[in-house]
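The values are calculated or read from the model by the stated rules, or taken from the named source; none is laboratory data. Just so we're clear, the structure is a prediction, and the values are computed from it rather than from any experiment. Counting neighbours? That spans all protein chains shown, and the Cβs are built from the backbone with ideal geometry, glycine included.
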Amino acid sequence: ETKEDKKNEKEPYWSNPMWWIEDEPDDWFERIYISQIERKKNYHALRYMDIKNNFNPVCGHYRFDTSGMPDATVIVPVLNEETGMLSMTIHSILARTPPELLREIIIVDDSGADHTLDNANEEEIAELALLSPKVKVVHNAERIGCAKSRMVGANMAEGEVLVFVDSHIEMESAT
């Protein structure tokens, strides 16, 4: 065997696992950007973080090797969303997505020039853009609908993987 042969040999899969189980659980549910006080004061629409959903507790023990995973762009079209819902979405994505896997979040505001029916708070969107350099906002010149708004975000995306989410979801886990 030459040095080149040894260099090209792959290690057995069990020596470098893609996932494993840890003894201590991950703090996935407690990762937040909005404090409880801010939630209660400004975002009445948000559920409180102490309400646990239906995740099996063993899920918090799984860990994954992210070094070989592609980065992602999360695209969030928004129109007529109740104040606080978009914040919950963006904050939970930032808090619970491994930073090395999140290239960017693109918020596509589909309210267009007519704001008469728009419940999405423009101040809220502006504040979200300041949260992180990974958060980008694009405002459609006119209403074009959810599917086309997603395409607007997809055309701007720099990530290797595109993830489309609604503007009223909460990412539950980083594991």
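What to note about this one:
- Criterion applied to R150, R143, R103 was being part of a strand (DSSP E or B), surrounded by 13 or more Cβ atoms within 10 Å (Cβ to Cβ) and among the basic types (K, R), and the one residue passing it is R103.
- Pairs, first closer than 21 Å to N80 by Cα and charged (D, E, K, R) in the stretch 159-175, second surrounded by fewer than 16 Cβ atoms within 10 Å (Cβ to Cβ) and at pLDDT below 90, C-beta under 8 Å, six or more apart: E170/R47
- For the stretch 66-76, the criterion of being touching a strand residue (DSSP E or B) at 6+ places or on another chain (Cβ under 7 Å), among the acidic types (D, E), surrounded by 11 or more Cβ atoms within 10 Å (Cβ to Cβ) and modelled with pLDDT of 60 or more is met by at least one residue.
- Among the residues of the stretch 117-136, the ones that are of a type in the set (A, V, I, L, M) and crowded, with 17+ Cβ neighbours inside 10 Å come to 4 in all.
- Selection status of V135, of a type in the set (A, V, I, L, M, F, W, C), at pLDDT 95 or above and either at positive phi or under 13 Å from the mean Cα position of the chain (by Cα) (or both): yes
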